[in-house]
Each structure stands twice: as structure tokens, then as C-alpha cells.
Amino acid sequence: MKRIKIVLVALFLAATVFVSARYGFTVVTVEQVEAVLLAGVYDADEYVEQIWEATLIPTVDKNAEDLAKILSEFEVDEEGVASKERLTDVAKKYGRVTNGEAHVYMVAGRGEVVAVDTESRVGTLQLALDGYDGPAEVRLFIGPRIPSDESSVRDAVGFISFGDFRDQTEYGRVAAAINRKINDEILETLDTDELVGKRISFRGAFSIRTFNRVAIDLSTIYVTPTHLEVE
């Protein structure tokens with residue numbers, strides 16, 4: 001990304017100098033050129049490529065909590081609804097609460113695949129999770145798409161901060177790039193036709209959105225996997 005920026009800045013300066021010499025325009029500084037070009041140079045996929053093996057995957061592998069244990073601590077009614085206050089206590093214990101009041105967790109678990117839904121491109125599998133017999137239905141995204149607003153992995157790892165990026169657009173591109181990487185590295189070779197009845201192990205992340213909500217629907221939990229193995 002840095003090399004691309006240097007090339008673009010050099011080309012822009014060369015063109016500016018030529019025009020200035022011919023028409024008498026004022027030549028701008030390198031800093032001014034960089035400020036103009038930065039948004040166009042930013043490459044979320046390259047950023048994710050740099051952190052994937054070095055930081056992101058090791059962070060999830062090291063810090064993933066047992067999903068069954070977390071779900072067992074959620075106090076829900078018969079319809080799978082929980083209070084925000086009780087959920088916050090669990091989030092502070094096993095995960096983190098974002099600035100946007102989302103509860104995000106890095107999780108791991110095992111279980112048997114009981115159903116696969118590939119009717120839409122946002123495919124999911126339903127899992128009978130080992131060690132959990134509560135009301136929440138556990139589903140994992142299996143591609144070939146992950147929802148465009150899904151940012152669980154980006155938010156859960158803790159070291160990708162909004163303040164490191166120019167604006168919300170760049171920050172959002174990181175989440176999308178992570179999801180593309182998951183599709184390419186984890187889900188692309190998954191044989192969805194042969195999953196039902198198989199046992200799998202996984203690591204990944206999930207989130208619960210609580211902003212402006214008092215009662216939270218936990219009837220279904222969606223996990224974005226960073227590791228998925230058919231046992």
C-alpha cells in the first residue's frame with residue numbers, strides 16, 4: 001500500500017510541475033498531495049492480508065472462549081429474550097463491549113451439524129453444540145457470502161480500532177475484507193452438500209447488537225468462523 005501511494009504521489013507531482021511550468025500554476029506540497037490521494041490509495045484487502053496470519057488468527061486462537069459456557073450464562077425467557085443489563089455482565093466477563101454498545105465474543109466449540117441452509121448466498125449451518133441444551137439456535141456462516149454488515153471478527157479481536165482509520169467507510173471496508181478473506185481461506189472448499197450429520201470444530205466470533213434496545217432477542221446466534229474443521 002505504501003509503495004502504491006509513493007508511485008501515485010510521484011506521478012501527481014510530476015504532472016503538477018509540468019502544468020505549473022507551462023501555465024504558471026502554484027505547485028502544491030507533497031503533504032497536500034498525500035492528503036488528497038490517501039483515500040484512494042487505502043487498500044483494506046492488503047491491510048487484512050498483513051494482519052491475518054501475524055495477528056488476527058493467533059488472537060482468536062489464543063483468546064476464544066467456550067461458546068457453550070457463554071450461552072449457558074445468558075438468562076433468557078422461553079422465547080429466547082434477555083435483558084440488556086444481564087447480558088452486559090456476561091460480555092464484560094467473556095468478551096468486550098464496543099463503543100457502539102455491541103457485545104462481541106471470540107468463541108470456540110464443537111458439535112454436530114443438524115441442518116444446512118444454502119437457499120441464499122448467505123449460507124448457514126445449524127449446529128447441535130456440545131455442552132449446551134438451551135433455547136438459542138447456533139448457526140455458523142458458511143458462505144459464499146457473509147452479510148455485508150457483519151463485523152464480529154473485526155470488533156472482537158480488540159486491536160482493530162476505529163481511530164486508526166480516516167472514517168467509518170474505511171473502517172467498514174476492513175470488516176468486509178476480513179469476511180472476504182474468511183470466504184477465501186475457510187469456506188471456499190467446504191462441501192456443504194455433505195455437512196449434515198458430520199461433527200465439526202470451530203473458532204470464530206459473534207456479536208449481539210444492543211444499542212437502543214432493552215430486550216435482546218437471542219433465539220439465534222450467528223458465528224463467523226475463522227477456523228472450521230470437519231472432524
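The values are calculated or read from the model by the stated rules, or taken from the named source; none is laboratory data. Computed from a prediction, not measured in an experiment: that's the story for all the values here. Positions of Cβ are backbone-derived with ideal geometry, glycine not excepted, and every protein chain shown enters the neighbour counts.
Do you know which residues across the range 181-220 are in contact with a helix residue (DSSP H, G or I) (Cβ under 7 Å, 6 or more places away or on another chain) and farther than 12 Å from residue 56 by Cβ? If the condition is that a residue be in contact with a helix residue (DSSP H, G or I) (Cβ under 7 Å, 6 or more places away or on another chain) and farther than 12 Å from residue 56 by Cβ, then 206, 207, 208, 210, 213, 214, 216 are the ones that fit.
Contact annotation: residue pairs with Cβ atoms under 9 Å, 6 or more positions apart or on different chains, pairing a residue in the range 64-77 that is surrounded by fewer than 20 Cβ atoms within 10 Å (Cβ to Cβ) and among the charged types (D, E, K, R) with a partner that is modelled with pLDDT of 95 or more and part of a loop (DSSP other than H, G, I, E, B), are 65/95; 66/131; 69/131; 69/132.
State whether one or more residues within the range 62-69 are modelled with pLDDT under 90, in contact with a strand residue (DSSP E or B) (Cβ under 9 Å, 6 or more places away or on another chain), more than 24 Å from residue 164 (Cα to Cα) and not in a helix (DSSP H, G or I).
So the first thing to find is which residues in the range 62-69 are modelled with pLDDT under 90, and the list is none.
Checked the range 62-69: no residue is modelled with pLDDT under 90, in contact with a strand residue (DSSP E or B) (Cβ under 9 Å, 6 or more places away or on another chain), more than 24 Å from residue 164 (Cα to Cα) and not in a helix (DSSP H, G or I).
Restricting the search to the range 166-175, which residues are of a type in the set (D, E, K, R) and either touching a Pro at 6+ places or on another chain (Cβ under 7 Å) or loosely packed, with under 15 Cβ neighbours inside 10 Å (or both)? Please lay out each step first, then the result.
To start, the set of residues in the range 166-175 that are of a type in the set (D, E, K, R) comprises 166-167, 170, 173.
Within the range 166-175, 166, 167 qualify.
In the range 94-104, which residues are touching a Lys or Arg at 6+ places or on another chain (Cβ under 9 Å) and closer than 19 Å to residue 215 by Cα? Result: 100, 101, 102, 103, 104. Scanning the range 189-211 for residues that are crowded, with 19+ Cβ neighbours inside 10 Å and within 25 Å of residue 102 (Cα to Cα), we see that the one that is farthest from the chain's Cα centre (by Cα) is 210. Within the range 118-147, the set of residues being free of Cβ contacts under 8 Å to residues at least 40 places away in the same chain and over 21 Å from the mean Cα position of the chain (by Cα) comprises 119, 128, 133. Total residues in the range 89-137 satisfying the condition of being of a type outside the set (Ser, Thr, Tyr), over 26 Å from residue 159 (Cα atoms) and touching a helix residue (DSSP H, G or I) at 6+ places or on another chain (Cβ under 7 Å): the figure is 7.
Each row is one residue, and each column tells you yes or no for (1) touching a Gly at 6+ places or on another chain (Cβ under 6 Å); (2) among the aliphatic types (A, V, I, L, M); (3) under 15 Å from residue 200 (Cβ atoms).
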| residue | (1), (2), (3) |
| --- | --- |
| 112 | no, no, yes |
| 126 | no, no, yes |
| 139 | no, no, yes |
| 142 | yes, yes, yes |
| 155 | no, no, no |
| 160 | no, yes, no |
| 167 | no, no, no |
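Residue-level check: of (1) over 26 Å from residue 192 (Cα atoms); (2) assigned to a strand (DSSP E or B); (3) touching a Lys or Arg at 6+ places or on another chain (Cβ under 7 Å), residue 82 misses just (3). Go through the range 78-97 and give me each residue that's of a type in the set (Ser, Thr, Tyr) and touching a residue at least 60 places away in the same chain (Cβ under 8 Å). Scanning the range 78-97 gives 83, 88. Among the conditions (1) exposed (fewer than 15 other Cβ atoms within 10 Å of the Cβ); (2) in contact (Cβ under 8 Å) with a residue 40 or more places away in the chain, the only one that residue 178 does not satisfy is (1).
Please work out which residue is nearest to residue 222 (Cα to Cα), limiting yourself to the range 150-165 and to residues that are out of contact with any helix residue (DSSP H, G or I) (no Cβ under 7 Å at 6 or more places or on another chain) and in contact (Cβ under 8 Å) with a residue 12 or more places away in the chain. Checked the range 150-165; the qualifying residue nearest to residue 222 (Cα to Cα) is 152.
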